[in-house]
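The structure under discussion appears below in the form of structure tokens.
Derivation of every value follows stated rules applied to the coordinates shown; laboratory data play no part. Remember, predicted model here, so these are calculated numbers, not experimental data. Cβ sites come from the backbone with ideal geometry, for glycine too, and all protein chains shown count toward neighbours.
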Amino acid sequence: MTRDIYQEPLVGRYTSKEMQYLFSEEYKFSTWRKCWVALAEAQYELGLDTLIDTEMIAQMRDNVDNIDYEVAASKEKEIRHDVMAHVFEFGRKCPKAEGIIHLGATSQFVVCNTDLIIQRQALEYVRQGLLQVIQNLSIFSDKYKDMATLGFTHYQAAQPTTVGKRNILYIQDLISDLDYLDIFISRIRARGAKGTVGTQATFLELFNGNHKKVRQLDQLVSEKLGFARAFNVTGQTYTRKHDCRLIEALCGIATTAHKFAVDLRLLSNLKMQEEPFSKNQTGSSAMAYKRNPMRSERMTGLCRKLMGLPANFMATYANQWFERTLDDSAIRRMDIPQGFLLTEAILKIFINITSDMVVYPQQIERHLRVELPFMSTEKILMAAVEKGHSRQEMHEIIKGHSLIAGKRVKEEGGENDLLQRLAADAALPFSMDELESIVSDYSGFTGRASQQVSEYLEEVVTPLLTENKERIGNTDSSLRV
């Protein structure tokens, strides 16, 4: 590792070799060559056999991965054009085919088609990780579907829910992200063979004005590159509106992960639920007792970075004057790889956290017991009415004790003694044991939360995971500090 220059943390700390390889020069330039092979094959098959023969194509195929990067770099320095530098280097490896490499094409034939090939593969990695998070959370939700816990609205104690139900909400959002991703993936297409400004004029010349052959070339090249179809029309590049939709799909995952991470950080503060904590992990250099939610915090920061990228993509699209301007090139070289690397980094942490989250039932119950006396007042009121007492009279008595108990908690820092106050009031027909019984039946406060978990898992999540069982990732979720 070189230590005297800046190292990209997304590469050095957060992402896998597999995702990094997709955005490597080796993968990019070898894919450029595959594009040139596909173009030559399609041109030969559609009748340009007086210009192209099978020996040329075979020589090109044999040298797809045989790249002399020094020669290409030297040529690029001379001519200031990366694509033509690689055309030159490829031609040296394939002397028989030198004259027909890149025939009729513009630089964006290889650049755009390669970008789309890389995106499609990277999206499959993202999809696998997303499914793995959904699977982890489904196991967790099922395990804790019956465990009552305080709900929070406005980060204030609200009606109880269950631990499982809360996590089902994250799953639902992740499945929404998966749906968006799948729609996007289904619409990815090749740039195809469109020519310099998208008019296919050069290809029309090559095929002597035969429009049908040019259309067939566009489709055949796309198929050879693994796409069912090509963009119907393009300028010099495929529309950068596509890139806007791409980053939206990735940012959807980031927003869900961000919400989850912040919620878990809040729960960690309440000591109700935590991310995994390694045996020898140090939470603070000064405060030895601390168990900081560092994984969730890291995920929050990475999500924030990813959620800030869409503005770049939209500005790039909006500034593509007419058929194309080159101000898209430098920023896309950074933003597209970063978008994918950030997404993978987020999902790796998400998988890591959800694989072994820690729940503290005693702390959850303690928080419930602090708040439930107030939340139980309506149940107590109804029980008193069932015993023949006036609702209005009981309401006034309970309200008076509730105000005093609330003041004790908020202003004096005391325990919530509402139940003791109600039990001691002779006007109320309940002993302390009876009141405790009313309050301690947590299931009476959580409604259909448990059933909703079971139903959602059975009707939505399990079929999804079963359908995708061969595509669920097995991501290495170990994290570097």
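Cα axis of helix 82-93 to longest principal axis of the chain: angle in degrees, 0 to 90, nearest 10?
Relative to the chain, helix 82-93 is tipped by roughly 60 degrees.
How do MET56, MET314, MET382 rank when sorted from fewest to most other Cβ atoms within 10 Å of their own Cβ?
Values: MET56 20, MET314 16, MET382 12.
With the sparsest Cβ surroundings first, the list reads MET382, MET314, MET56.
Just order 339-346, 235-242 by mean Cβ neighbour count inside 10 Å, highest at the front, would you?
Working: 339-346: 26.1, 235-242: 20.1.
Per-residue Cβ counts within 10 Å, averaged per peptide and sorted highest first, yield 339-346, 235-242.
Based on Cβ point charges of +1 for Lys and Arg and -1 for Asp and Glu, what charge dipole magnitude is obtained for the chain about its Cα centre, in debye rounded to the nearest 20? Don't skip to the answer; put the middle values down first.
Working: 59 positive and 63 negative charges, 147 e Å.
In total the dipole reaches around 700 debye.
Would any residue of the range 13-32 have its amide N under 17 Å from a label point 7 Å out along Cα→Cβ of ARG92? List them or say none.
Backbone N within reach: 29-30.
Rounded to whole Å and sorted largest first, what semi-axes of the equivalent ellipsoid does the C-alpha gyration tensor of the chain yield via the square root of 5 times each eigenvalue? List each step's numbers first, then the result.
Numbers: eigenvalues 796, 108, 64 Å².
Computed over the chain, the values are 63, 23, 18 Å.
Extent of the range 274-413 along each principal axis, from alpha carbon coordinates, in Å, largest to smallest?
81, 48, 30
In percent, what relative contact order does the chain have, based on Cα pairs under 8 Å that are 6 or more apart in sequence?
Details: 588 pairs, mean separation 91.8, N = 481.
With pairs under 8 Å counted, the relative contact order is 19 percent.
To the nearest 10 degrees, how steep is helix 329-355 against the longest Cα principal axis of the chain, on a 0 to 90 scale?
40
Kindly express, to the nearest 10 degrees and within the range 0 to 90, the angle between helix 107-143's C-alpha long axis and the longest C-alpha principal axis of the chain.
Long axis of 107-143 versus the principal axis of the chain: about 20 degrees.
Taking each pair of different alpha-carbon atoms in the range 151-297 once, compute 1/r for the pair, average those values, and report the inverse of that mean as the Kirkwood hydrodynamic radius in Å to one decimal.
Details: mean 1/r = 0.0499 Å⁻¹.
Answer for the range 151-297: a Kirkwood hydrodynamic radius of 20.0 Å.
Compute the Rg/Rh shape ratio of the range 377-444: radius of gyration over Kirkwood radius, all on alpha-carbon atoms. Intermediate results must be reported in sequence, preceding the final value.
Working: Rg = 12.0 Å, Rh = 12.4 Å.
Over the Cα atoms of the range 377-444, Rg/Rh equals 0.97.
Per residue Cα convex hull volume for the range 9-100, in cubic angstrom? Please report the intermediate quantities before stating the final value.
On the way: hull volume 10.1 nm³, N = 92.
Normalising the Cα hull of the range 9-100 by residue number yields 110 Å³.
Using the Kirkwood radius over C-alpha pairs as Rh, can you work out the diffusion coefficient of the range 72-153 via Stokes-Einstein at 25 °C, viscosity 0.890 mPa s, in µm² per second? Spell out each step's value before the answer.
Values: Rh = 17.4 Å.
Roughly 141 µm²/s, to the nearest whole number.
For the chain, what is the calculated [θ] at 222 nm in deg cm²/dmol (nearest 500), taking -39500 (n - 2.57) for each run of four or more DSSP H residues and dividing by its residue count? Provide the component values of the computation, followed by the final result.
Working: 20 runs with 298 residues, N = 481.
One gets -20500 deg cm²/dmol as the mean residue ellipticity at 222 nm.
Arrange the peptides 94-100, 416-422, 458-464 so that the one whose residues have, on average, the most other Cβ atoms within 10 Å appears first.
Descending mean neighbour count gives 416-422, 94-100, 458-464.
How large is the direction-averaged shadow of the alpha-carbon convex hull of the range 212-347, in nm²? Working shown, then result.
On the way: hull surface 48.8 nm².
For the Cα atoms of the range 212-347, the hull's average projected area reads 12.2 nm².
Take ILE79, ILE5 and order them by how many other Cβ atoms sit within 10 Å, fewest up front. Could you put the intermediate results ahead of the total?
On the way: ILE79 11, ILE5 5.
Going from sparsest to densest Cβ surroundings: ILE5, ILE79.
Pairs of Cα atoms under 8 Å, at least six residues apart: use those to get the relative contact order of the range 377-444, whole percent. Display every interim value, and only then the final one.
On the way: 42 pairs, mean separation 17.7, N = 68.
Relative contact order for the range 377-444 comes out at 26 percent.
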